[in-house]
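**Q** Here it is, the structure in full.
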Amino acid sequence: MRYSRLLIPTLKETPSEAEAISHILMVRGGYIRQLAAGLYISLPLFLRVMEKINSIIRQEMNRIGAQELSMPVLHPAEVWQKTGRWDAIGDEMFRLKDRTGRDMCLAMTHEEIMTWLAAREIRSYRDMPQIWYQIQTKLRDEARPKSGILRTREFTMKDSYSFDVDAEGLNKSYDLHAAAYHRIFARCGLTFYQVESDPGMMGGLTAHEFMAPSDAGEDDIAICGRCGYAANVELAVSHPPEYPSIDMPYEEVHTPEKKTVGEVANFLGLPPHCFIKSLLLIAKDGAPVLALVRGDEELHEKKTQRVIGPYRAARKDEIVNILGVEAGFIGPVNMINQGIRIIASTSLEKGLYVSGANKKDYHIKGINAEVHFQADRHDIRVIKENEKCLKCGAPLKIQRVIEIGNIFKLGTKYSVPLNAVYLNKEGIDVPIIMGSYGIGPARVAAAAIEQNHDANGIIWPVSIAPFPVAILPLNVSDEETVNTAEMIYTALQAKGVEALMDDRDIRPGIKFKDTDLTGIPFQIIIGAKNLKEGLVEIKNRATKETTKVPMANAADDIARLTACLKA
RNA sequence: CGGGGCGUAGCGCAGUCUGGUUAGCGCACCUGCCUUGGGAGCAGGGGGCCGGAGGUUCGAAUCCUCUCGCCCCGACCA
C-alpha cells in the first residue's frame, strides 16, 4: 500500500494523557485515537495488527477443532437472571431497556448465551465434545479504564467455550486450549508465562492465566526459575523465611504508646518476625474475625477472602467494642470476647512471639503458638521476592505482568441453571461440563509493544506487524529512485509480501523517523548514491543492521527474511 | 466510589498566584522560494466561545460557586 493514501497520523510529541509505553507509541505511531475514557478508535495500521493477531488465533483455534461462530452483543436480561449474574454483577454491566421496556444488557462475556445455545442444540453424549469460539466485542463499564488499550470499556475478545460429557473430557479440552494458547502467544512474538490463577467469581475449580511480563501490567506473578512453578501472587505459595526462635519468658510487658509492630519491636529490641500482627476483620455477615500474621508479613486480601469470604477491616470504635481495647494492643491471648473466630498465617504454627495483651499499653512476651492460643492456619500472607519455592526451594521471583489470556474449568456452574443437559448412555439427563477460555487480542498487541520497543518507537514481531516491510524511496523527484522502488514493490507483491511504500514527497529524515516509530520490521532504503552501484539497503528495525544488496535481489531477500521470522 | 492532578489553536505548552491593550510560543497546517541519507531553512498566511453554566467587578483565561471531561494512585475488574 502507498503511504500517501493511508491514514497514518504520526505525532512528533508525546500526547499528555498517555503514560504506558504501549499507549504512547500507539498514539504517536498513528495506530489509535481516543474517543472517550476507555473507548478507542482503531486506525488502519492498528486494524491490520489486530487482523494479524486474530488470524493467528483463528488458525490455532481451528487446529484444536474449535468452531467459530458469532453471538449478539445485546442480550435479554432473562438469560443472565437465570444464572444469577444479573444481580451478582453490579455497575460493571451496561444495562438498558428496549422500546417495550424489556430489560437488556450489553455483553461483558458470553457464558450465558453460549450455554443457552448449548442447552438447545446439544442433546446427546454423541454431540460432544464441542468447542465454540468467537472473536467478539465485549462491553464493561470499567470503574477505571487505564493504560490506553490495556483496560477499556469496549474491547474485542476471543472467547471459547468447551462442552464435554465429563471431567475427563473437560481436562482434554482444557489442555488443548493451553497448548493452543502457547502456540498463539509464541507466534505473536511474546514472552509469557502460564500461571495458576484464582478461579474467583467465574466459579469452578481450576484456572490458569497467561501473563506477559511488563511494567504496564496490573498483576504480579511469582515464578521459580528452577522448577517452573508460576502463580498469580493472589494464590502463590512459598516457604516463609524461617528464623531461630528467640527464647523468652511468658510475661506481660509495659509498652506505653507503642502500637505498631515497628514501634514495639524497636522498644523491646526484638526483630519484627518475633511478633504476631493481629488484625480485626468484619466478615460479610457482620461476624468479627481476628486474623494473625507474623510481624514481618502482610495480610493478603484475596487469600483471606477465600478463607472467610468478603470482609472489611474493623473500625477503631468496633475494635474497642468487640475486644475491649484499642487497636495496637490487641492479640490472640487473654481475649475478653472468647467466641471470635481466629485465623492465622501458616508461619505461626510454632515458636515464641510477642503480641498485644488486650490491655492498654501492654504486650505479652513469650506467647507459644502451640499452647497459648488456637487458630485455623491458612496461607493468608503476601509472599515476597526471593522467598523459597515450595516445590524445589529455589528463590522465587516476583514479576509484573499483563494478563493476555485465561482458561477456566467451569464445571456445571452455567449448565445447571440454564438446563444445558444431555442424555447419557443410560438415558439419563446429565448437565454438560463446561470450560471457558479468553484471549484479549488488543492486550497481545500492547504487550508486544511493551516487550519490543526502543527510543525510536515500536519494533513489531514480523508475525503481527501491520506490514513486514517498508520501502523508502528517499527522493521521489529522482526518477531512477522511483522506478527502483516500484520495481521492488511489484516484485514483493508478486511474492505475496505486503509492503508499505513511502511515496510521500518529503525529506528522508521524516521517512526514517516515521518508519522507525510505526515499527515496521524491515526497511528497504533506496537512495541515489547506492543506486549508482545498483544497490539498495535492507535495514533490520530490531538490530539496526544494514546490508547493501543488489536491487534485483531485494525482494527475494525480504521474502526470505520475513518468511523465516514469521513461523 | 475515595485521594491527587489537569482542561487555553490539530498536538505540546506559557499566561491564572497578583483581574486591565488586540491571548502568546513551539510543532503541525496553507502559499511561495529553496532543499532531498535522520522530524531542514527563509518569507508570508489561516486557525481560539481560554471545557461549560452562573456569579463578583467598570473590566474575568485569571477571583467565587456549581457542573462536565480527561489522566494518575487506590478500591473494583465475572
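**Q** Order of A:288-297, A:216-225, A:477-486 by packing, highest average Cβ count within 10 Å first?
**A** The packing order, highest mean first, is A:288-297, A:216-225, A:477-486.
**Q** Can you list the residues of the range A:1-43 with backbone N under 14 Å from a point 7 Å past the Cα of A:V476, pointing along Cα to Cβ?
**A** Label zone hits: A:1-8.
**Q** While we're here: Report, to the nearest whole %, how much of the accessible area of the range A:77-211 belongs to carbon and sulfur atoms, 1.4 Å probe, protein only.
**A** 48 percent
**Q** Right, another one. To the nearest 20 debye, what charge dipole does chain A have about its Cα centre, counting +1 at the Cβ of each Lys and Arg and -1 at the Cβ of each Asp and Glu?
**A** Once rounded to the nearest 20, the dipole reads 620 debye.
**Q** Take every Cα-Cα distance within the range A:251-378, group them into 5 Å bins from 0 onward, and report for each bin the whole-number percent of pairs it holds.
**A** 2, 12, 23, 25, 22, 12, 4, 1, 0
**Q** I've got another one for you. How long are the semi-axes of the equivalent ellipsoid of the range A:467-566, taking √(5λ) for every eigenvalue λ of the Cα gyration tensor, in whole Å from largest down?
**A** Listed largest to smallest, the semi-axes of the range A:467-566 are 18, 16, 13 Å.
**Q** Answer with one residue from A:N171, A:T484, A:I57: the one whose Cα lies farthest towards the positive end of the charge dipole of chain A, charges on Cβ with Lys, Arg +1 and Asp, Glu -1.
**A** Of A:N171, A:T484, A:I57, it is A:T484.
**Q** Then there is this: Using 1/(1 + (r/R0)^6) with R0 = 30 angstrom and r between the beta carbons of A:K397 and A:E51, what's the FRET efficiency to the nearest 0.05?
**A** Plugging the Cβ-Cβ distance into 1/(1 + (r/R0)^6) gives 0.30.
**Q** Using the per-residue mean of other Cβ atoms lying within 10 Å as a proxy for protection, in what order, highest first, do the peptides A:554-561, A:407-414 fall?
**A** A:407-414, A:554-561
**Q** Could you give the length gained on full extension between A:A88 and A:R183, defined as 0.36 nm per residue of separation minus the Cα-Cα distance, in nm?
**A** Extra length available between A:A88 and A:R183 comes to 30.7 nm.
**Q** With angles folded into 0 to 90 degrees, how steeply does helix A:554-566 sit against the dominant principal axis of chain A? Use alpha carbons for both and round to 10.
**A** With rounding to tens, the tilt is 20 degrees.
**Q** Still on this structure, I have one more. How high is the relative contact order of chain A? Use alpha-carbon pairs under 8 Å, at least six apart in sequence, and give a whole percent.
**A** Contact order relative to length: 17 percent.
**Q** Measure nothing fancy, just the Cα-based angle from helix A:508-518's long axis to the longest principal axis of chain A, in degrees from 0 to 90, nearest 10.
**A** Tilt relative to chain A: about 40 degrees.
**Q** Determine the share of the range A:399-500's accessible area contributed by carbon and sulfur atoms, expressed in whole percent, with a 1.4 angstrom probe.
**A** In the range A:399-500, the share of accessible area belonging to carbon and sulfur is 48 percent.
**Q** Something else about it: Could you work out what % of the accessible surface of the range A:251-378 is carbon and sulfur, using a 1.4 angstrom probe and leaving DNA, RNA and ligands out of the count?
**A** 49 percent
**Q** Next up: At 25 °C and 0.890 mPa s, grab the translational diffusion coefficient of chain A from Stokes-Einstein with a Kirkwood Rh over Cα pairs, rounded to a whole number in µm² per second.
**A** Rounded, D is 89 µm²/s.
**Q** From the helices alone, meaning DSSP H stretches of at least four residues, give me the mean residue ellipticity at 222 nm for chain A, per-run term -39500 (n - 2.57), in deg cm²/dmol to the nearest 500.
**A** Computed mean residue ellipticity for chain A: -8000 deg cm²/dmol.
**Q** For helix A:167-187, what angle does its Cα long axis make with the longest principal axis of chain A, in degrees from 0 to 90 and rounded to 10?
**A** Tilt relative to chain A: about 50 degrees.
**Q** Starting from the Cα gyration tensor of the range A:379-477, take the square roots of the eigenvalues, sort them a ≥ b ≥ c, and report rounded, prolate or oblate (rounded when a/c is under 1.5, otherwise prolate if a/b is larger than b/c, else oblate).
**A** Oblate is the answer for the range A:379-477, as a/c is 1.5 or above yet b/c matches or exceeds a/b.
**Q** Please compute the per residue accessible area over chain A with all protein chains in place, 1.4 Å probe, rounded to a whole number of Å².
**A** For chain A, the solvent-accessible area averages 45 Å² per residue.
**Q** Follow-up question, since we're still on this one. Could you order peptides A:59-70, A:449-460 by the average number of other Cβ atoms within 10 Å of their residues, highest first?
**A** With the highest mean Cβ count within 10 Å placed first, the list reads A:449-460, A:59-70.
The values are calculated or read from the model by the stated rules, or taken from the named source; none is laboratory data. Computed from a predicted structure; not experimentally measured. Virtual Cβ from ideal backbone geometry, glycine too; neighbours counted across all protein chains shown. Please note that ligands, DNA and RNA were not included when accessible areas were found on the heavy atoms of the full protein model with its side chains. Shrake-Rupley method; radii C 1.70, N 1.55, O 1.52, S 1.80 Å.
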